[in-house]
Each structure stands twice: as structure tokens, then as C-alpha cells.
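**Q** Here it is, the structure, as C-alpha cells.
The values are calculated or read from the model by the stated rules, or taken from the named source; none is laboratory data. Quick caveat, the model's predicted, so the values are computed rather than measured. Heads up, the Cβs are rebuilt from the backbone with ideal geometry, glycines too, and the neighbour counts pull from every protein chain shown. Protein only, heavy atoms only, side chains kept; ligands, DNA and RNA dropped before computing areas. Shrake-Rupley method; radii C 1.70, N 1.55, O 1.52, S 1.80 Å.
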Amino acid sequence: MTAGVPSIQRGIITELERELSELPGEDLNTSALPEVAGWISIYEELALVLRSVISRADGNPDAVELKRNLLWIDQRLAAWRDRHAELAGVVIDPKNHTLTYAGISLRLTRREADLLDFLLRHPRRPFTSKQLATLAWQNSRLSDAQVRTYIMRLRTRLQEVGLGHVITVERNRGYGINAASGNGSE
Amino acid sequence: MSDPRSRLIPRESIITSRLLVLQSKRLMLDAIERRLDSWNTPDVKRRFEELRGETEAAQDRYRRAILEWGSTEDIDYWVMAYSRLIDKGNVIVKRMREANLALPPAERYQVSADIEVMEHLVEDWTGSLRKSMAAAVA
């Protein structure tokens, strides 16, 4: 059934494009940023459950269909992560590690750019120093103190473009991002 | 790499212990609910709310235990797995529906498509859940 998802999606988009553009109560000024951040968290949870089931169900006939479901969910997750970064107005050039926000560009180190990119793609979720070292930099040997230093240095750099409060620190839980605090929509 | 806990405690024991905790909480909740009918005092009410939260948490831990430690040969595993997927899928559908009307048009098209596809997935999972439940009864 889910094998036909892309065609279903195409049909629905065309149909809704026609219908929804005429709906009343439209508020063009509403920021989608917090909503998108929320959806990313739920999609992540769903993908996590699916991955866990698939990893244990190898060989089971249900696993084939569930893998297809996961593929679609991962695609949507990636698309919403891109959209979140786009809505936050933060553009990171991965080649030269340049951050652009509100028309201002800032040159970051590779580590700083990787860290910010990772946090922007995983909003509303705190990460411990260990998790950040492994997931953002693929380097589990970095100590907590080193990660903390990188975070503090990045926060100071981000103040130069008005994004000083975008990286949040949650006691005993780790570091996260609140992109909405950067563009004044929350 | 296997979880070190699995070498120390048999998987079934973990599931059984969480089930026992859940059953105890349910019994306590039932008892205080009955008491609430006769003595609707703030203290009893507060304890009822606390126990309701604890029962939900115990239910969640039991579900997680089944998913983590249960055998995929066991029908219960699939009932639990599909229930979990349906719950999460419904949360996405609900959240997206609530937000959709307030979003700018560019977002709405995509969100509406996501809602529709997610509803199809939830439908599929519900069908699979029903099959698992029927197999459990048979």
C-alpha cells in the first residue's frame, strides 16, 4: 500500500494547492518555525520506534513494509530539517564554513559550523557533550570540557550576527537550539 | 553488541517485573478511584492524580520493555509495536492538523500531503494491529 506513497503525495499536493489557497482565516505572518521544530521531534520519535522494530524483525514479512515506511519518514524528516534551517534564516556553507544570517556573513571554524548545523537540524532536543562529540563531530574522544569550550566560543561568535541566545544550555540535560529566539518570532 | 543487562537478568523477567508494577499501579488506582466516590477530599483527589500519572508511566515502561526485550515471535510484541507506531503517527497527524490552517500557503500544501500520507500509514498499521490481535485470540 505504501509503495504508492509518492504518487499519492503528488496527487494530493496538486489537489490541495487548488483548494487550500482559497481557505479563509489565513495568517501569512504566522511563523512555522516552532511548529516545524515540533514535527521534527515527533518524526524522530516515530523513526526511532520503526528502526528498533525493524532491527529486531529481520526476516519477518512485516519488516519489508516497515522498511518502506521508514524510508518515507526519513525523507520527510530530512525535508523538514532543511525547512527548519531555512525558516530560521541561517545558511551554513559547508565548504567554507560560512554562516549567513540577516544579510551578515560570519566565518566559522569547521567544528563550529558542524556543531551549529547539527543543532539546527535537531531542534527542541538537548544533547549531552558526549552525544554532540559523537553525533556532530564523529569524535567520541573529545572531553566534556572541550565540548563546553567549543559551545561557549560558538555562542560568543554568534552574538556578532544577533544569534547570541540561539544555543541554549539546559542544566543536567545538555545543549540545544531555539532557532525562534534568533529571528524574534518567539 | 548485546546490552550488558541482558546477560544478568533474563529478558522475560524484565518484562514480567514491569507488568507486575503496572498491574499493582492499576489496582491501587482502582481502589483510590472507588474511594474518591465516597470521600472527594483534596488529598484523595491529589493522590488519585498522582497515581494516574504513575500508572501511565508504568504502562509506558511496560510497552518499552516489550519492544526492547520481547520476542518478535510473540504476538504481544507486534501488538505493542503497532500500537506504538499508531500512537506516534496519530500525534503527528493531530499536531499538523492543528497547525495547518495558521500556516502560510507554502507550508500548507506540504503539511496536508504529509497528513494524508501519515493517515495512510496509520491505517496500514491499524490493519496489521488487528491481524496481530486476531492471531493472539485464535
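**Q** Do we have A:THR128 as among the polar types (S, T, N, Q), at pLDDT 90 or above and under 17 Å from the mean Cα position of the chain (by Cα) here?
**A** Taking the combined requirement at face value, the residue satisfies it.
**Q** Any residue at all in the stretch A:131-140 that is more than 22 Å from A:ARG81 (Cα to Cα) and either surrounded by fewer than 20 Cβ atoms within 10 Å (Cβ to Cβ) or touching a Lys or Arg at 6+ places or on another chain (Cβ under 8 Å) (or both)?
**A** yes
**Q** Using beta carbons and a limit of 6 Å, which pairs, at least six apart or on different chains, have the first residue in the stretch B:46-61 and more than 9 Å from B:LYS25 (Cβ to Cβ) and the second one part of a helix (DSSP H, G or I)?
**A** Final answer for the pair search is B:ARG47/B:ILE32; B:PHE48/B:ILE32; B:PHE48/B:LEU36; B:ARG61/B:ARG18.
**Q** Give the number of residues within the stretch B:4-37 that are at pLDDT below 85, over 19 Å from B:ALA58 (Cα atoms) and either surrounded by 11 or more Cβ atoms within 10 Å (Cβ to Cβ) or in contact with a helix residue (DSSP H, G or I) (Cβ under 9 Å, 6 or more places away or on another chain) (or both).
**A** Here the count works out to 4.
**Q** Restricting attention to the stretch A:30-46, which residues are open to solvent by less than 10 Å² (accessible area, probe 1.4 Å) and more than 9 Å from chain B (Cβ to nearest Cβ)?
**A** Residues satisfying the conditions are A:LEU33, A:ALA37, A:ILE40.
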